[in-house]
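Worksheet: the structure to be examined is printed underneath.
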Amino acid sequence: MDERHLTSHWIFCPGKSLWEVEAAAIRSSFARLHGHRGRMVKELGISKSQLLRKLDRLGLREKHPRLVRRLRERDLERAFERHKREIAKELRISDSTLL
């Protein structure tokens with residue numbers, strides 16, 4: 001690894017909290033790298049989970065709605081048949097009308 005990456009940089013910001021300094025660094029990195037999380041993780045030297053939490057806290061992370069699975073008729077038929085078998089087994093029914 002390059003020696004440039006091993007040196008630490010000190011930042012003095014009188015009157016600023018650690019969170020304010022971190023937030024500024026994250027916002028700057030986000031803008032400069034166009035939100036590319038992999039590069040931000042490397043640049044900021046934090047884990048992906050830490051970055052995601054901090055992006056959430058800053059409102060910079062887009063939340064994608066969960067995809068709703070569309071059930072096909074075949075899926076419904078399978079589920080219905082499975083439930084019929086379970087009910088018949090539980091009630092100890094061997095009647096062919098139910099099965």
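Taken together, the values in this text are just the output of simple stated rules run on the coordinates, not laboratory data. For clarity, every value in this text was computed on a predicted model and none was experimentally measured. Quick reminder, even Gly has a Cβ in these numbers, built from the backbone with ideal geometry, and neighbours come from all protein chains shown.
What does the charge count near ALA23 come to, summing +1 for each Lys or Arg and -1 for each Asp or Glu among other residues with Cβ under 12 Å from its Cβ? Write out the running numbers ahead of the final one.
On the way: positive: LYS16, ARG27, LYS54, ARG57; negative: GLU20, GLU22.
Local net charge: +2.
Compute, for segment 17-79, the length of the dipole vector about the Cα centre, with Cβ point charges of +1 (Lys, Arg) and -1 (Asp, Glu) only. Units Debye, rounded to 20. All intermediate terms of the calculation are to be shown ahead of the outcome.
Details: 17 positive and 8 negative charges, 48 e Å.
Here segment 17-79 has a charge dipole of around 240 debye.
Which trypsin sites (Lys or Arg not before Pro) in segment 30-88 pass both tests, a DSSP loop state and at most 13 other beta-carbon atoms within 10 Å?
LYS63, ARG66, ARG69, ARG70, ARG72
Let me see the P(r) profile for segment 12-66: every Cα-Cα distance counted, bins of 5 Å, each bin given as a percent of all pairs.
Pair shares across the bins are 4, 19, 31, 24, 13, 7, 1, 1, 0.
Run the reach check for LYS16 against lysines, Cα to Cα strictly under 23 Å, same-chain hits fewer than 8 apart removed. What comes back?
The qualifying lysines are LYS54.
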